[in-house]
Structure formats: C-alpha cells, structure tokens
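Here the structure comes first, spelled out in structure tokens, and everything after it is commentary.
Computed from the coordinates by the stated procedures, all read-outs in this text should not be read as laboratory data. None of the values given here were measured: they were computed from a predicted structure. Note: ideal-geometry Cβ built from the backbone for every residue, glycine included; neighbour counts use all protein chains shown.
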Amino acid sequence: MQSEPDITRKTAVTVPCPSCGQSVKWEETSTWRPFCSRRCQLIDLNEWLSDEEENQQKPD
Ligand SMILES: [Zn+2]
C-alpha cells in the first residue's frame, strides 16, 4: 500500500513566456509553448530577425 503523492498529474508545469513573461502551461495541447500565444512567438521571432538584419546592414 503506497501513498506517494501523484505530483506529475496534479502539478501543472508552467514556464514563463519569453516575450511577455506570462505563465504558460507546458502541455501537449499548448501549441505555442514556450510562448503563451502565436502573437508572442511572432514577436520573439521578429526581434531575432531584426537583430540579424541589423548585423548585416551595419556599415563597416
Ligand atoms: Zn506571451
């Protein structure tokens, strides 16, 4: 007779959204994880791309 707490099912794993910091449930159904939404994913992607562009356009 075991009485181990079933933490894997009762504790929701959450991660902070890299764009807005909102807690995001880490689940199979969370399509945009680790982002909270598609919007935040695009924001992060745009920042990354604009950094790349800046690096390329910098005059020597
Ligand atoms: Zn977010």
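Quick check: from the Cα gyration tensor, does segment 14-57 come out rounded (a/c under 1.5), prolate or oblate?
Since a/c reaches 1.5 and a/b is larger than b/c, the shape of segment 14-57 is classed as prolate.
How much length is gained on full extension from Val15 to Leu42, taking 0.36 nm per residue of separation minus their Cα-Cα distance?
Result: 8.0 nm gained on full extension.
What ranking of Val15, Val24 emerges when the number of other C-beta atoms within 10 Å of each C-beta is taken as an exposure proxy, fewest first?
Least crowded to most crowded, the residues run Val15, Val24.
Tell me, what ³J(HN,Hα) does each residue in segment 40-47 have, in order and in whole Hz, if you take phi through Karplus 6.51 cos²θ - 1.76 cosθ + 1.60 with θ = phi - 60° and put x for Gly and Pro?
For segment 40-47, the Karplus-derived couplings read 5, 5, 5, 4, 5, 5, 5, 4 Hz, x marking Gly and Pro.
Non-local amide H neighbours of Val24 (under 5 Å, H modeled in plane, Pro and chain starts lacking H): which ones?
Here the answer is Val15, Cys17, since their amide H atoms fall under 5 Å of that of Val24.
Using Cβ contacts closer than 10 Å as the measure, can you line up Glu53, Glu28 from fewest to most?
Glu28, Glu53
For segment 15-28, in order, what is each residue's ³J(HN,Hα) by Karplus, 6.51 cos²θ - 1.76 cosθ + 1.60 with θ = phi - 60°, in whole Hz (x at glycine and Pro)?
10, x, 4, x, 8, 10, x, 5, 5, 10, 5, 8, 9, 4
So, with +1 on the Cβ of K and R and -1 on the Cβ of D and E, and no other charges, what is the size of the charge dipole of segment 13-60 about its Cα centre, to the nearest 20 debye?
It comes to approximately 380 debye.
List, in order, the whole-Hz ³J(HN,Hα) value for each residue of segment 32-39 obtained from phi through the Karplus relation with A = 6.51, B = -1.76, C = 1.60 and θ = phi - 60°; use x for Gly and Pro.
Computed from phi, the couplings for segment 32-39 are 9, 4, x, 8, 7, 7, 4, 4 Hz.
Determine, for Asp51, Asp60, Asp44, the number of other Cβ atoms within 10 Å of each Cβ, and report the residues in order from fewest to most.
Fewest to most other Cβ atoms nearby, the residues stand as Asp60, Asp51, Asp44.
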